[in-house]
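*Asks:* Here it is, the structure, as structure tokens.
The values are calculated or read from the model by the stated rules, or taken from the named source; none is laboratory data. Since the model is a prediction, treat every value here as computed from it, not as a measurement. Here the Cβ positions follow ideal geometry from the backbone for every residue, glycine too, while neighbour counts run over all protein chains shown. Please note that ligands, DNA and RNA were not included when accessible areas were found on the heavy atoms of the full protein model with its side chains. Shrake-Rupley method; radii C 1.70, N 1.55, O 1.52, S 1.80 Å.
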Amino acid sequence: MEKVREIVREGRRVGKEDPRRVVHAFKVGLALALVSSFYYYQPLYDNFGVNAMWAVMTVVVVFEFSVGATLGKGINRAVATLVAGGLGIGAHHLASLSGTTVEPILLAIFVFVQAALSTFVRFFPRVKARYDYGVLIFILTFALISVSGFREDEILDLAHKRLSTVIMGGVSCVLISIFVCPVWAGQDLHSLLASNFDTLAHFLQEFGDEYFEATEDGDIKEVEKRRRNLERYKSVLNSKSNEEALANFAKWEPRHGQFRFRHPWKQYLAVGALLRQCAYRIDALNSNINSDMQIPMDIKKKLEEPLRRMGSESGKSMKEVSISLKKMTKPSSFDIHVVNSQSACKTLSTLLKSGILNDVEPLQMISLMTTVSLLIDIVNLTEKISESVHELASAAKFKNKTKPSKSDSGSIVRAMPNKSHDDDDDDDHHVVTILGDVDTSNNVDQSHGEISVDSCHHVAIKIDDDDSIHEKHEDGDHIHVHTSRVSCEHTNASDLLDSGVKKN
């Protein structure tokens, strides 16, 4: 009884993790019940006979969890059966012309050659990814048709019945998979990518509290719970195989929802690869935080403000992408958070060059610079992720986050050079003004240089060549947000380490 209860508990757990699994089980049962009518209904059994078992076998091996996986396997099986059946009939006919003595020898040679060649082709990466099952069925069907034909006079009738039952079983699987509570691999891949962004964003936003706040001994249980929550990023490290499988299945799926037939699934894999690189840095960062070599809090506090901002702004940018992916809209403030994180990176570099860490012990310096280096890598990776996400949004034709009101025929975008108000300053400034009758909420935190934009309308952005972030001012009906483009892509750990120790 105890084992039965354990099985029941396990079944409930599996069902609660993904209720679609329960629905899938019922769908497979329905498909098998339908194709079993070849045995139960006498006229169908008289027509197909024992070959009806191929319809049942097709349902068992073809019906997969998602529509793409089922459709891919179904097409592979149908095409492989058709081609192998035709070649098998041709091989049997060619061997029969050589006489009864040579016929079995030729059939054995044909089976050997096709099996050897087909098995070798299965090692090709592209074939392995999409057509491996089809090649396997091709080997099986060719051998069965060829060998059976040696003892079967009506080989054409045998091939016809076998192909018909396979197609009927495959069509039953595909129709039930598409029209009865469909599970789309493309949607799962899209949701997985959004979830991975959200997971990494959670760690980066909580990094400052974890790294700079001391924990009392009485809060050990709460700390362990918090750390387990932060270590959710580890699921991203092992997501490659799942992403590649879902992308492969998604390529077989017809258009559904906002996913077109030729949706840019390869770009999802490119973004996912960058996310995994970021997750590896986060894993190293987390290991460094929890290492035995702990840096005194008073030393950490010297770099607290820029390090907090680097983690927080990188986390906010990924959170913005996660929300945009879920809504399938183009991220509006993602680039602003990237610029803010780069600004914090430059502030950190300036702070280190000032000699603020001159009195730090060498071992403590190495540990601190490891944290700094990993955060800089994450900031630079965030910029690369930004570019990749924009490519994905453009290729997938994501919608803009906000739409102009009905009274507007469309948004008007102006881009022009503008001279500074200071006559002594000859630098050119570029002002981009987006006109539209839409409510806008803009917040600028001048003390931290943080800018959040909730709408892409009524916004004018002035980009200067200097390294400062300027104030916001209003000009008529337009809101001007002055910011600067900062990059830390050339900053690395060795530069910062030299900056921190050169005055020692």
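*Asks:* Go through the range 327-367 residue by residue and tally those that are hydrophobic (A, V, I, L, M, F, W, C), open to solvent by 20 Å² or more (accessible area, probe 1.4 Å) and part of a loop (DSSP other than H, G, I, E, B). Steps first, please.
*Replies:* Within the range 327-367, the subset hydrophobic (A, V, I, L, M, F, W, C) is 328, 334, 336, 338-339, 344-345, 348, 351-352, 356-357, 360, 363, 365-366.
Restricting the remaining residues to those that are open to solvent by 20 Å² or more (accessible area, probe 1.4 Å) gives 336, 339, 351, 356, 363, 366.
From the residues that got through so far, the ones that are part of a loop (DSSP other than H, G, I, E, B) too are 356.
Number satisfying all stated conditions: 1.
*Asks:* Which pairs turn up if I take residues in the range 279-301 that are under 10 Å from LEU368 (Cα atoms) and look for partners that are open to solvent by 40 Å² or more (accessible area, probe 1.4 Å) and of a type in the set (S, T, N, Q) with beta carbon separation below 9 Å, at least 6 apart in sequence or on another chain?
*Replies:* ASN288/THR370
*Asks:* Could you list all residues from the range 214-237 that are modelled with pLDDT of 75 or more and of a type in the set (Gly, Ala, Ser)?
*Replies:* Residue satisfying the conditions is SER235 alone.
*Asks:* Taking the condition farther than 25 Å from SER191 by Cβ, open to solvent by less than 40 Å² (accessible area, probe 1.4 Å) and in a helix (DSSP H, G or I), does GLY315 pass?
*Replies:* Taking the combined requirement at face value, the residue does not satisfy it.
*Asks:* I need the full set of residues from the range 189-210 which are under 23 Å from the mean Cα position of the chain (by Cα) and buried (at least 21 other Cβ atoms within 10 Å of the Cβ), in order please.
*Replies:* Those that are under 23 Å from the mean Cα position of the chain (by Cα) and buried (at least 21 other Cβ atoms within 10 Å of the Cβ): LEU189, HIS190, LEU193, ASN196, PHE197, THR199, LEU200, ALA201, PHE203, LEU204.
*Asks:* Which residue out of LEU117, LEU30 is open to solvent by 70 Å² or more (accessible area, probe 1.4 Å) and touching a helix residue (DSSP H, G or I) at 6+ places or on another chain (Cβ under 9 Å)?
*Replies:* LEU30 is the lone residue from the list that is open to solvent by 70 Å² or more (accessible area, probe 1.4 Å) and touching a helix residue (DSSP H, G or I) at 6+ places or on another chain (Cβ under 9 Å).
*Asks:* Which fully enclosed helices (runs of 4 or more DSSP H) of the range 1-105 have 3 or more residues being in contact with a Leu (Cβ under 9 Å, 6 or more places away or on another chain) and of a type in the set (A, V, I, L, M, F, W, C)? Before you say what the answer is, go through the steps one by one.
*Replies:* Details: elements: 2-17, 20-35, 37-40, 42-48, 53-62, 67-96.
By residue number, 53-62, 67-96.
*Asks:* Considering only the range 67-94, how many residues are out of contact with any Lys or Arg (no Cβ under 8 Å at 6 or more places or on another chain), open to solvent by less than 50 Å² (accessible area, probe 1.4 Å) and within 14 Å of PHE142 (Cα to Cα)?
*Replies:* So the count comes out to 10.
*Asks:* Which condition does ILE75 not pass, out of (1) at pLDDT below 90; (2) out of contact with any helix residue (DSSP H, G or I) (no Cβ under 7 Å at 6 or more places or on another chain); (3) of a type outside the set (Gly, Ala, Ser), if it passes all the others?
*Replies:* In the conditions (1) at pLDDT below 90; (2) out of contact with any helix residue (DSSP H, G or I) (no Cβ under 7 Å at 6 or more places or on another chain); (3) of a type outside the set (Gly, Ala, Ser), ILE75 misses (1) alone.
*Asks:* Okay, moving on. Name the pairs whose Cβ atoms lie under 7 Å apart, with the first residue in the range 144-156 and over 16 Å from LEU87 (Cβ atoms), the second open to solvent by less than 90 Å² (accessible area, probe 1.4 Å) and modelled with pLDDT of 60 or more, and 6 or more positions between them or separate chains?
*Replies:* Short answer, once both residue conditions are applied: GLU152/LEU158.
*Asks:* In the range 122-137, which residues are open to solvent by 50 Å² or more (accessible area, probe 1.4 Å), touching a residue at least 12 places away in the same chain (Cβ under 8 Å) and part of a helix (DSSP H, G or I)?
*Replies:* Kept after step one, since they are open to solvent by 50 Å² or more (accessible area, probe 1.4 Å), are these residues of the range 122-137: 122-126, 128-131, 136.
Subsequent filtering for residues that are touching a residue at least 12 places away in the same chain (Cβ under 8 Å) retains 122, 129-131, 136.
Once the filter is applied, which keeps residues that are open to solvent by 50 Å² or more (accessible area, probe 1.4 Å), touching a residue at least 12 places away in the same chain (Cβ under 8 Å) and part of a helix (DSSP H, G or I), the range 122-137 yields ALA129, ARG130, LEU136.
*Asks:* Moving on. Could you say which residue among SER287, SER241 is closer than 22 Å to VAL183 by Cβ, of a type outside the set (Asp, Glu), open to solvent by 60 Å² or more (accessible area, probe 1.4 Å) and assigned to a helix (DSSP H, G or I)? Break it down stepwise before answering.
*Replies:* Numbers: SER287 fails: closer than 22 Å to VAL183 by Cβ.
Just one listed residue meets the conditions, SER241.
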